[in-house]
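Structure, as structure tokens:
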Amino acid sequence: MKVMIMGIDGYIGWPLALRLLREGHEVTGIDNFYTRRRVREVHSESALPISSMEKRIAEVGKRGLGDIKFFRGDVSNSEKMHEAIKSTEPDAVVHLAEQRSAPYSMMGLRQAKETMVKNIVSTINLIYEVKDQVPDCHILKLGTMGEYGTPNIDIPEGFFDIEYRGRKDRLPFPKNAGSWYHWTKVHDTNNLMFANRVWELSVTDVMQGVVYGTRTEDIIYPALFTRFDTDEVWGTALNRFCAQAVAGIPITPYGKGNQARGFLSLEDSVSCLALGIRKPPERGEYRVYNQFDEYYTVNYLAETVQQVYHQETGKNAEIKHIENPRVELEDHYYHPENQKLKDLGYRRKRELRQEVSIILKDLEKYRDRILKHRESIIPKTLWKA
Ligand SMILES: NC(=O)c1ccc[n+]([C@@H]2O[C@H](COP(=O)([O-])OP(=O)(O)OC[C@H]3O[C@@H](n4cnc5c(N)ncnc54)[C@H](O)[C@@H]3O)[C@@H](O)[C@H]2O)c1
């Protein structure tokens with residue numbers, strides 16, 4: 001299959017490219033290195049060293065893993081999007097190329113507008129390119145479990161049956177996002193659902209949990225590392241906790257730490273996406289998957305990192321709760337469903353403690369890089385500012 005990865009230079013995009021090559025797909029990627037630039041702006045860098053896209057592709061070729069065709073460009077620019085789709089005519093496109101930091105989107109008006117415009121426009125560009133040039137192409141778009149928020153009822157996969165004043169219907173489950181970034185994902189979801197209804201595009205909308213990990217089955221040499229962010233803006237909860245333990249600074253759950261979220265390992269994330277490509281929807285089908293292995297509270301994750309770190313090194317990592325910079329419920333019901341990917345054949349491969357142990361070992365070798373940017377880990381972006 002010819003697969004285009006939008007956002008191939010990213011945390012998930014790069015290992016996904018390696019996996020799809022191994023599975024025999026023809027892989028094309030597009031990226032404008034947005035994340036690299038924005039991470040530098042907050043005086044941080046990937047804790048694991050990553051080389052330029054040119055060198056990464058050369059490395060893959062040198063190891064006989066396959067060829068990757070790369071376009072440099074901003075997918076919110078419709079000409080760039082057009083050029084990439086026209087010259088590759090993909091059978092499937094995985095759309096990962098968005099501003100994906102909730103704190104970044106909450107920094108101020110400039111960042112909120114940038115997130116709104118770039119994210120929503122990039123998805124609209126993709127919708128029109130597929131409709132006009134490759135209408136049979138499967139769009140696999142990454143959304144987030146954060147679109148649903150934390151309702152006091154179970155969370156189904158996209159749709160639910162409802163009875164109201166004696167009448168019944170099957171409707172999209174209400175969304176209640178917690179940042180401008182998460183709202184752009186809700187808008188993308190609505191736009192794709194509408195495009196499917198009007199033009200019968202084939203869409204998989206993946207509501208993904210928070211991803212953790214440094215390795216996949218394909219990342220076996222440091223030369224193939226993917227980025228790993230640890231700062232308050234671009235680093236996510238569990239990855240950041242591991243970096244804090246390794247750097248010898250307190251692990252900092254926000255607020256009470258009883259917030260629960262769905263999580264999954266990088267290997268499981270990539271496996272699910274590859275499965276979605278291998279088993280596409282029917283022509284004209286719109287399907288929604290909730291993609292996570294397990295849901296955990298932030299406290300449970302902090303304690304797990306503390307325990308595994310002690311087991312591995314004999315050293316103690318301190319846990320220090322700090323004021324929550326976000327506006328979110330800290331004690332709440334959380335029960336999302338995730339059956340559909342299992343029905344498609346997905347089986348979880350990685351366990352949390354095993355994965356945390358691998359992350360800690362990998363980061364230990366790059367402790368100096370984390371320490372150099374330690375100031376960037378402490379939250380400065382406040383939702384209420
Ligand atoms: N990592 C997670 O925990 C997680 C969880 C849920 C959902 N997601 C979603 O998965 C997707 C990928 O996440 P990630 O962690 O790999 O993020 P990432 O920032 O590491 O990767 C995104 C890639 O897209 C590129 N990009 C961004 N905007 C672009 C644009 N306008 N044009 C071209 N390239 C652009 C970036 O340079 C980057 O290489 C995102 O859409 C994110 O919202 C991620």
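The values are calculated or read from the model by the stated rules, or taken from the named source; none is laboratory data. Small disclaimer: the values here were computed from a predicted structure and weren't measured. When we count neighbours, we look across all protein chains shown, and the Cβ atoms used for this are built from the backbone with ideal geometry, even at glycine.
Summary table
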quantity	calculated
Set TYR300, TYR286, TYR346, TYR295: member being modelled with pLDDT under 95 and either under 22 Å from ASP154 (Cα atoms) or among the aliphatic types (A, V, I, L, M) (or both)	TYR346
Which listed residue is over 11 Å from SER179 (Cβ atoms), in contact with a Ser or Thr (Cβ under 8 Å, 6 or more places away or on another chain) and not polar (S, T, N, Q), from VAL117, VAL93	VAL117
Filtered residues of the stretch 81-98 (kept if out of contact with any strand residue (DSSP E or B) (no Cβ under 7 Å at 6 or more places or on another chain) and crowded, with 17+ Cβ neighbours inside 10 Å)	MET81, ILE85, GLU98
Among the residues listed as ILE124, ILE120, ILE162, ILE155, the single one being within 19 Å of the chain's Cα centre (by Cα) and of a type in the set (A, V, I, L, M, F, W, C)	ILE120
Members of the stretch 44-53 that are more than 11 Å from the ligand (Cβ to nearest atom) and either in contact (Cβ under 8 Å) with a residue 40 or more places away in the chain or β-branched (Val, Ile, Thr) (or both)	SER44, GLU45, ALA47, LEU48, PRO49, SER51
Answer residue from the stretch 54-84, given it is among the charged types (D, E, K, R) and within 14 Å of the ligand (Cβ to nearest atom) and is nearest to SER101 (Cα to Cα) among those	ASP74
So VAL117, is it in a strand (DSSP E or B), within 14 Å of the ligand (Cβ to nearest atom) and more than 18 Å from ASP229 (Cβ to Cβ)	no
Selected residue [surrounded by fewer than 17 Cβ atoms within 10 Å (Cβ to Cβ), in contact with a Lys or Arg (Cβ under 9 Å, 6 or more places away or on another chain) and under 26 Å from VAL39 (Cα atoms)] from GLY248, GLY255	GLY248
Qualifying residue in the stretch 142-151 (condition: more than 18 Å from the chain's Cα centre (by Cα) and under 21 Å from TYR296 (Cβ atoms))	yes
The stretch 124-167, residues that are away from the ligand (no atom under 16 Å from the Cβ), among the basic types (Lys, Arg) and under 30 Å from MET81 (Cβ atoms)	LYS131
Residue match in the stretch 54-68 (condition: surrounded by fewer than 20 Cβ atoms within 10 Å (Cβ to Cβ), in contact (Cβ under 8 Å) with a residue 24 or more places away in the chain and closer than 23 Å to PRO135 by Cβ)	no
Complete set of residues in the stretch 280-294 that are farther than 22 Å from ASP188 by Cβ and surrounded by fewer than 18 Cβ atoms within 10 Å (Cβ to Cβ)	GLU294
Contacts under 6 angstrom Cβ, first residue in the stretch 32-43 being touching a residue at least 40 places away in the same chain (Cβ under 8 Å) and of a type outside the set (Asp, Glu), partner in a loop (DSSP other than H, G, I, E, B) and more than 8 Å from the ligand (Cβ to nearest atom), 6 or more apart	VAL42/ASP231; VAL42/VAL233
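Rundown of residues vs (1) aromatic (Phe, Trp, Tyr); (2) within 20 Å of ILE251 (Cα to Cα); (3) part of a loop (DSSP other than H, G, I, E, B), yes/no style:
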site: GLU267; (1), (2), (3): no, no, no
site: PRO280; (1), (2), (3): no, no, yes
site: ASN299; (1), (2), (3): no, yes, no
site: VAL305; (1), (2), (3): no, yes, no
site: HIS310; (1), (2), (3): no, yes, no
site: ASN338; (1), (2), (3): no, no, yes
site: TYR346; (1), (2), (3): yes, no, yes
site: LEU360; (1), (2), (3): no, yes, no
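Conditions (1) more than 15 Å from the ligand (Cβ to nearest atom); (2) farther than 27 Å from ARG347 by Cα; (3) not hydroxyl-bearing (Ser, Thr, Tyr); (4) not in a loop (DSSP other than H, G, I, E, B), marked per residue:
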| residue | (1), (2), (3), (4) |
| --- | --- |
| TRP183 | no, yes, yes, yes |
| MET207 | no, no, yes, yes |
| ILE220 | yes, no, yes, no |
| THR230 | no, yes, no, no |
| GLY257 | yes, yes, yes, no |
| GLY262 | no, no, yes, yes |
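Let's see how each residue does on (1) under 29 Å from GLY24 (Cβ atoms); (2) more than 22 Å from the chain's Cα centre (by Cα):
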{"site": "LEU273", "(1), (2)": "yes, no"}
{"site": "GLY276", "(1), (2)": "yes, no"}
{"site": "ARG283", "(1), (2)": "yes, yes"}
{"site": "ASP293", "(1), (2)": "yes, no"}
{"site": "GLU337", "(1), (2)": "no, no"}
{"site": "LYS342", "(1), (2)": "yes, no"}
{"site": "ARG347", "(1), (2)": "yes, no"}
{"site": "LYS361", "(1), (2)": "no, yes"}
{"site": "TYR366", "(1), (2)": "no, yes"}
